[in-house]
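Below is one structure, written out as C-alpha cells; the observations come after it.
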Amino acid sequence: MYHDSQKISVKNIVKSNSRKGKHSNNKKYKYGKLEVYVSGFRFKNDKNKSEYLIILSQEKITDVTVVYGQRWQIESMFKNMKSNGFHMEDTHLQKDSRIETLIGLIALSYSWMLITGLMIKKKNPEIFICKAHGRPSKSVFKAGLEFIMRALYTNNSRDFARAIKFLSCT
C-alpha cells in the first residue's frame, strides 16, 4: 500500500484510526493500479484476542461498522442457505430450471424464517442478548427456523398459525 510514493502499513493506518475513535482517515492509497480508501477497526474475537477488520474500497466509507454489518448479513444468508439450515448444495441439482425453482423456494423460506425470528425477537428480546464477543447467542434466522420446525414436528397448530400469519398480508 502506498501514499505519496511511500510504503504504508495497512495495520498501522487502522491502529492509528482506532486510537482516535475513527474508522477511516479519508486518504486515498495506491494498491497496485487502484486508488483505494482504507477503513477498518479492531475488535475482540471469540477467544477475546484483538483482531483487525480491514476494508479496501474505491468509495469513502463514513461508518465501517454499518457497511460491514450489511455485508455480514449477506454472508450469513449464504451460510444459512448452504449449511446452517437449508443445505442447498446437498441437492446436487444440475438443471437450471430446477435450481431456479429451488432458489425461489429457499428465498421464500428464508424470508419466512427471518420474519418469524423477528416476531420472536420482539416478544422475547432476552433470547438475543449479546455475549462477550458482541454477537447474540442466537441469530434471528435460527430462532425462526427452530420455532417453525418445533411447530411442525409437535403439530402445534397455534404456533404454526402464528408463523404463517405474514403470508396473509394482514
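Readers should treat all values here as calculations from the given coordinates under stated rules, not as data from a laboratory. For clarity, every value in this text was computed on a predicted model and none was experimentally measured. Because the Cβ atoms are built from the backbone with ideal geometry, glycine has one as well, and the counts that use them run over all protein chains shown.
Some observations on this one:
- Cβ-based exposure ranking for Phe43, Phe141, in which fewest neighbours within 10 Å come first: Phe43, Phe141
- At R0 = 22 Å, FRET efficiency that the Cβ-Cβ distance of Asn155 and Asn124 yields, to 0.05: 0.50
- Computed lengthening from Leu53 to Ser137, 0.36 nm per intervening residue step minus Cα-Cα distance: 28.1 nm
- Taking each of Lys142/Lys165; Lys82/Lys122; Lys27/Lys47 in turn, the alpha-carbon distance tops 23 angstrom for Lys82/Lys122; Lys27/Lys47.
- Sorting Lys33, Lys82 from the fewest to the most surrounding beta carbons within 10 angstrom yields Lys33, Lys82.
- Enclosing the Cα atoms of segment 40-170 in their convex hull gives a volume equal to 187 cubic angstrom per residue.
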